[in-house]
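Colleague: This structure is in structure tokens; I'll ask about it shortly.
The values are calculated or read from the model by the stated rules, or taken from the named source; none is laboratory data. These numbers were taken from a predicted model, which means no experiment stands behind them. Here the Cβ is made from the backbone with ideal geometry for all residues, glycine too, and neighbour counts use every protein chain on show.
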């Protein structure tokens, strides 16, 4: 599996049908997802509700990574991880995309071949491994949310961040 890095999707309309079409196209199990809704001029809270409703309707165990929302809304209290800017996102998924060298390209070919062969396996053969991986990613998500929470508190009381 390739090293996960953020995949960014922009929402420009608060129309529920267009948003659901976009969300259905997203492969939530491949990488951490950033959904930018700050470009929606009105009803960002409604868009957050639509996203939350959609994520609740799909199988959460098959989403190993977190979904991050970039928005200008300050008074949201739901379960989604919302941030005001890209620089506030967790640093452990940030990396620059660059062309693979020959050794990395050969390894990536093997990985892609193995990933396609996984589709031929029975679900019970790999479900436990995916759930374990998902648990680790969930723990990482919770720690990142806690770190973000502490940074917000520090900034509100005026303590300099390290």
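Colleague: Just one of 147, 128, 160 is at pLDDT 85 or above, over 14 Å from the mean Cα position of the chain (by Cα) and over 28 Å from residue 19 (Cα atoms); which is it?
Modeller: Being at pLDDT 85 or above, over 14 Å from the mean Cα position of the chain (by Cα) and over 28 Å from residue 19 (Cα atoms) holds for just one of 147, 128, 160, which is 147.
Colleague: Taking only pairs six or more apart or across chains, which ones have beta-carbon atoms under 7 Å, a first residue in segment 111-122 that is on the phi < 0 side of the Ramachandran plot and surrounded by 10 or more Cβ atoms within 10 Å (Cβ to Cβ), and a second residue that is at pLDDT below 70 and in a helix (DSSP H, G or I)?
Modeller: Within 7 Å, no pair qualifies.
Colleague: Scan segment 1-11 for residues that are in a loop (DSSP other than H, G, I, E, B) and at pLDDT 85 or above and jot them down.
Modeller: Listed by number, the list holds a single entry, 11.
Colleague: Just name the residue that is modelled with the lowest pLDDT out of those in segment 50-75 that are out of contact with any helix residue (DSSP H, G or I) (no Cβ under 6 Å at 6 or more places or on another chain) and part of a loop (DSSP other than H, G, I, E, B).
Modeller: Step by step, filter segment 50-75, then rank; the result is 59.
Colleague: For segment 15-31, which residues satisfy the criterion of being at pLDDT 85 or above and crowded, with 18+ Cβ neighbours inside 10 Å?
Modeller: 19, 23
Colleague: A further question on this structure: Condition first: assigned to a helix (DSSP H, G or I) and either at pLDDT below 80 or surrounded by fewer than 10 Cβ atoms within 10 Å (Cβ to Cβ) (or both). Now tell me which residues in segment 97-108 satisfy that.
Modeller: Result: 102, 103.
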